[in-house]
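Chemist: Let me begin by handing over the structure; questions about it come next.
The values are calculated or read from the model by the stated rules, or taken from the named source; none is laboratory data. Keep in mind the model is a prediction, meaning the values are calculated, not measured. Neighbour counts are summed over all protein chains in view; Cβ atoms, including those assigned to glycine, are modelled from backbone coordinates with ideal geometry. Note: accessible area is taken over every heavy atom of the protein model, side chains too, but ligands, DNA and RNA are not part of it. Shrake-Rupley method; radii C 1.70, N 1.55, O 1.52, S 1.80 Å.
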Amino acid sequence: MQTLPNPTTAQPTANTALTDTTIHRRQTRPVPVGNITIGGGNPVVVQSMINEDTLDIEGSVAGIRRLHEIGCEIVRVTVPSMAHAKALAEIKQRLARTYQLVPLVADVHHNGMKIALEVAKHVDKVRINPGLYVFEKPKPNRTEYTPTEFAEIGEKIRETLEPLVISLRDQGKSMRIGVNHGSLAERMLFSYGDTPEGMVESALEFIKICESLEFRNLVISTKASRVPVMLAAYRLMAQRMDHLGMDYPLHLGVTEAGDG
């Protein structure tokens, strides 16, 4: 079910800009996630994640169902290994057999190309973290990144990301490029510091690779555990995308926002 009414997309005029309290949504492209659509003129969609280990098939199915029944429209599961990725095939089958299909997102982390390619067969959206998808082992004595080193790592990222992009593109599925403030790649830290700018540039690097492969079913997030940093990153992300003519919807959230 859809949960929130759709705010107006009309833009304020010069006379009303100072007093208008209406929420004005950015014009974004629709991105499909199973039978749900994010962005475009669609209502805001609610997503959450289960706490159960994805290898616990019965527990995961029950957790997904509980979330969906209380109004969570998309459910995210963590996929740290190939075994977890393959377990998702059974989870999806059991949902279809005992409840209904629920739009699922798989969270893939460290050096996850093989895992991501497997899990892309079973879910509706794959979430990758640019700082971890191609992990750059920090060098303790490094003082800079040369342009050549920066470009070499960028090419490695493209080689590693391309098979997943093609798989999702050809299946009509989607990707979330989910940057976390706490896991920026070392070269982004050297280039931009531990800043919202580094988060945004990290996302844009991956977006541009996807676009070069004619894949635009993208949702973008720039999460931080501190709310002011999170707000600054999302505002800058929206500004940069507008400047570049990009219209991808945003997945809003604060990372590490659990107990306490």
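Chemist: Mind ranking Arg240, Arg235 by accessible surface for me, highest first, 1.4 Å probe?
Modeler: Sorted descending by solvent-accessible area, the residues read Arg235, Arg240.
Chemist: Using the charge dipole of the chain (Lys, Arg: +1 at Cβ; Asp, Glu: -1 at Cβ; taken about the Cα centre), state which of Gln47, Asn35, Val134 has its Cα farthest towards the positive end.
Modeler: It is Asn35, whose Cα lies furthest towards the positive end.
Chemist: While we're here: Comparing Asn141, Asn129, Asn35, which has the greatest mean-square fluctuation in the GNM of the chain with Cα pairs linked when under 10 Å apart?
Modeler: Ranking Asn141, Asn129, Asn35 by mean-square fluctuation puts Asn141 first.
Chemist: Any chance you could run the full-extension gain for Lys156 through Asp247? It's 0.36 nm times the residue separation minus the Cα-Cα distance, nm to one decimal. Could the numbers behind the result be given before it?
Modeler: Details: separation 91, 0.36 × 91 = 32.76 nm, distance 2.64 nm.
Result for the pair: 30.1 nm of gain on full extension.
Chemist: In the chain, which whole DSSP H runs stretch at least 20 Å along their own axis (Cα) and average -0.5 or higher on the Kyte-Doolittle scale? Write down the numbers at each step before the final one.
Modeler: Working: long enough: 82-98 (25 Å, -0.28); 147-171 (36 Å, -0.38); 196-212 (24 Å, 0.26); 227-244 (25 Å, 0.49).
Qualifying helices, which must be both long enough and hydrophobic enough, are 82-98, 147-171, 196-212, 227-244.
Chemist: For every helix of n ≥ 4 consecutive DSSP H residues, a contribution of -39,500 (n - 2.57) applies; sum these over the chain, divide by its total residues, and give [θ] at 222 nm rounded to the nearest 500 deg cm²/dmol. Please list the in-between numbers first.
Modeler: Working: 8 runs with 108 residues, N = 260.
When only DSSP H runs of four or more count, the value is -13500 deg cm²/dmol.
Chemist: Name the residues whose placed amide hydrogens come within less than 5 Å of the amide hydrogen of Ile50, ignoring near sequence neighbours (fewer than 5 apart) on the same chain.
Modeler: Arg76
Chemist: Now a separate question. Pick out which of Lys208, Lys121, Lys156 has the largest mean-square fluctuation in a Gaussian network model of the chain, springs linking Cα atoms closer than 10 Å.
Modeler: Fluctuation is largest for Lys156.
Chemist: Taking the Cβ-Cβ separation of Arg29 and Arg235 as r and a Förster radius of 22 Å, what is the calculated FRET efficiency to the nearest 0.05?
Modeler: Numbers: r = 20 Å, r/R0 = 0.89.
About 0.65, to the nearest 0.05.
Chemist: Now a separate question. How long are the three semi-axes of the equivalent ellipsoid for the range 174-240, computed from the Cα gyration tensor as the root of 5 times each eigenvalue, in whole Å, largest first?
Modeler: Details: eigenvalues 79, 36, 19 Å².
The equivalent ellipsoid of the range 174-240 has semi-axes of 20, 13, 10 Å.
Chemist: Treating cross-link reach as a plain straight distance, find the aspartates and glutamates whose alpha-carbon is under 12 Å from the alpha-carbon of Lys92, omitting any fewer than eight places away in the same chain.
Modeler: Counting by Cα, and skipping residues close in sequence, Lys92 has these aspartates and glutamates nearby: Glu58, Asp124.
Chemist: Leu213 to Ser183: extension gain in nm, 0.36 nm per residue of separation minus the Cα-Cα distance? Show your work: numbers first, answer last.
Modeler: On the way: separation 30, 0.36 × 30 = 10.80 nm, distance 2.57 nm.
Computed gain between Leu213 and Ser183 is 8.2 nm.
Chemist: Ignoring ligands and nucleic acids, what accessible area does His181 show with a 1.4 Å probe (Å², nearest 10)?
Modeler: 40
Chemist: Return the distance in nm (one decimal) between the two label points of a simple spin-label model at Ala96 and Ala83, each offset 7 Å from Cα along Cα→Cβ.
Modeler: Using points 7 Å along Cα→Cβ, the separation is 2.5 nm.
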